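Down below is the structure, laid out as structure tokens.
The values are calculated or read from the model by the stated rules, or taken from the named source; none is laboratory data. Predicted model only: the values in this text are computed from it and were never measured. So basically every Cβ, Gly included, is an ideal-geometry build from the backbone, and we count neighbours across all protein chains shown.
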Amino acid sequence: MESVNTPTGDDALKTAKRLIKETIPNRKKIITASILCMVGVSVFTAALAYTTKLIVNDVFVAKDAGAAIEVAIIVIFVSFSKSLFHYGNAVLQTVLNRSISSFYQKEAFQKTLRREISFFNGKHASDHMAQIRLYGMAAGQAVTAVCSRFLTEVLTLVALFVVMFLQDALMTLYSIVIIPIIFGLVSFLSRKIRKVAKEETDLSGHYFAAGSEALAGVRTVKSYNLERKSIEKFNSSVDALEDRIFGISKVTAATHPIMEFLGGLVLGVFVIYAAWQTITYGKTPGEFTAFITAFLLAYQPASKISKLWVELQKSLTQSFFMFRLIDTKPQSVSYGNKSLQSGNGSVTFSDVSFGYENDEVSIDKVSFNLQPGDKVAIVGKSGAGKSTLVDLILGFYSPTDGMIEIGTMDISSISPMDLKNHIAFISQDVFLFDDTIEENIKDGFAGASQEEIIAAVKSAQVDGFAEDFPLGLQTRVGANGSNLSGGQKQRVAIARGLLKKASIYIFDEATSALDVENEREIMTALLKTLKNETVIFVTHRPALFEYVDKVLMLEKGRIVGFDRPSKIYKTSTEFRELFGVLQ
Ligand SMILES: Nc1ncnc2c1ncn2[C@@H]1O[C@H](COP(=O)(O)OP(=O)(O)OP(=O)(O)O)[C@@H](O)[C@H]1O
Ligand SMILES: [Mg+2]
């Protein structure tokens, strides 16, 4: 898991640079159009301020009714143009924001899915999803802020300063004095925001995890009366998240009133100065009106800039962590690029040890050899390390010690793609996509012919139940197969595995939900289909022993028996203890 540390201002800058480099070159058209609109907005805002001089001097001071119409037309035209550019800019900002945010959500999802299995241990799926969404949105907001919202305000500010300067250079310089004060304040708030932004991401993860955990397990929740506990858990994650969001709003909201106060300060001084100038030097009221209007208008972009800047720190912090996720390479067991010959189904463990992060040894100096075509049952008490051993063969984890060979090749030299194509895994908990039975089976091998599909369907006894559905194999299985029974799901999963035409088959309690008769039929069909393949059954059921050549017994991660089913009873005391009564 990534450590929670606050990115520095330097990190934020690097993140911003990278975001721009990765997103802008492909979006030149939108950016150009957006810049055009920004220039339009700022020019017409400044023009609007300037028109007040015309209103006061040409119409009111000159008492010229004819000029009033002319000036009115100018004012209407200027404000209409300003609104038009404003609208264009807003639309383009949204387009830019959406396109970048969806780009990074796709990127972050892809990178998350490609991460190694251990990355997913101990974290809810919805926790990851919340992160992906927040990260993507933050990246979109950051780029839009830097390339568009920010620029618009800066350009407008500059244009208004030009108007102010043309009216009264001295006062303009005086109002610039407050800039360093604003700067110091904003950078203080930025640091605060960067500190809490990461927490918001984590807390939204917990929020989604708490909610979907209860909803996904709603049957258990209801049957054990756990509604109250689930609600309390959810409530506390909502509160924690809201607390953080409140903390962030408190900081961002502070920028506005502070800016307002500073503006008032300048304005107060200006009133005195203006009165003195008019009385002593005879300046026109139009010039002052234009200056004040420009100043008041400048105030809005200035306060927006400071608020945007603080918000930007939040988006950049989240983008910083997003890049960290995207940049982390999956720790694959097999880094090699060697290809495996099909039919190479031998598996050799030489002194293999493995422990999860908690330092306990789950596999302890295990050595064994399976020849192509071997059928073996792996048995042992719950927690003995059976699934862990299988995960090692699948390359989900790399051994902390020792070597695993597939065929004659070290597992770490085999290309990851080849390793996966070589092994078919039918797991303890079946996963099906919300699609038809046939499509789920075809996931085993997309290029399978209709005959191959039918053969797999028959061997796995899927036809036995599919025939009862009006749509047969075209029946939709529902979200994660919720329309099928546990045993039916297992049979679909077996058919999917068979279609893969792998050299090694691993069934991790894959027939546990089947009735005795079904299991027997499937096992007979399986052994006929998989004559030359290496097949490993992880099982608690002694009934399966009649189908295998060998039984491998694990206890606390060690091999405590490896023999023919008929002999292991004599050679392993542990086996006798576990299955004694049955033999
Ligand atoms: N992701 C994990 N993180 C930490 N420890 C784990 C993890 N998965 C399994 N373990 C530990 O490793 C040991 C072996 O677990 P494993 O799942 O391999 O047992 P098993 O033989 O498959 O059990 P079962 O028959 O119940 O499926 C157990 O002590 C378990 O607590
Ligand atoms: Mg297991």
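Observations on the model:
- Candidates F291, F368 - the one that is within 16 Å of ligand 1 (Cβ to nearest atom), at negative phi and in contact (Cβ under 8 Å) with a residue 40 or more places away in the chain: F368
- In this entry, K375 is excluded by the filter for residues that are within 21 Å of D508 (Cβ to Cβ), in contact (Cβ under 8 Å) with a residue 40 or more places away in the chain and within 10 Å of ligand 1 (Cβ to nearest atom).
- Some residue of region 50-72 being out of contact with any Lys or Arg (no Cβ under 9 Å at 6 or more places or on another chain) and within 30 Å of E357 (Cα to Cα): no
- Test: residue in region 420-431 that is touching a Lys or Arg at 6+ places or on another chain (Cβ under 9 Å), free of Cβ contacts under 8 Å to residues at least 40 places away in the same chain and within 15 Å of ligand 1 (Cβ to nearest atom): no
- Among residues of region 532-550 being away from ligand 2 (no atom under 16 Å from the Cβ) and within 9 Å of V379 (Cβ to Cβ), the one that is surrounded by the most Cβ atoms within 10 Å (Cβ to Cβ) is F545.
- Those residues of region 506-531 which are within 16 Å of ligand 2 (Cβ to nearest atom), farther than 13 Å from K489 by Cβ and either surrounded by fewer than 17 Cβ atoms within 10 Å (Cβ to Cβ) or among the aromatic types (F, W, Y) (or both), in sequence order: F507
- Any hit, region 312-328, residues being at pLDDT below 90 and part of a loop (DSSP other than H, G, I, E, B): yes
- Selection status of L552, touching a helix residue (DSSP H, G or I) at 6+ places or on another chain (Cβ under 9 Å), aliphatic (A, V, I, L, M) and within 22 Å of F349 (Cα to Cα): yes
- Filter result for the condition that a residue is more than 29 Å from E452 (Cβ to Cβ) and either of a type in the set (S, T, Y) or touching a helix residue (DSSP H, G or I) at 6+ places or on another chain (Cβ under 9 Å) (or both), over F545, F507, F537: F545
- Within the span defined as region 489-510, one or more residues are acidic (D, E), part of a loop (DSSP other than H, G, I, E, B) and in the same structural domain as L394 (by TED's automatic domain parsing).
- Looking across region 377-420 at every residue that is more than 16 Å from ligand 2 (Cβ to nearest atom) and of a type in the set (V, I, T), the one that is nearest to S339 (Cα to Cα) is identified as I414.
- Scoring D391 on the criteria (1) assigned by TED's automatic domain parsing to the domain that holds L544; (2) assigned to a helix (DSSP H, G or I); (3) away from ligand 1 (no atom under 16 Å from the Cβ) leaves a single failure, condition (3).
- Answer residue from region 184-202, given it is of a type outside the set (G, A, S) and more than 17 Å from F320 (Cα to Cα) and is surrounded by the fewest Cβ atoms within 10 Å (Cβ to Cβ) among those: F188
- Tally of residues being assigned to a helix (DSSP H, G or I), of a type in the set (A, V, I, L, M, F, W, C) and over 19 Å from T284 (Cβ atoms) across region 163-196: 13
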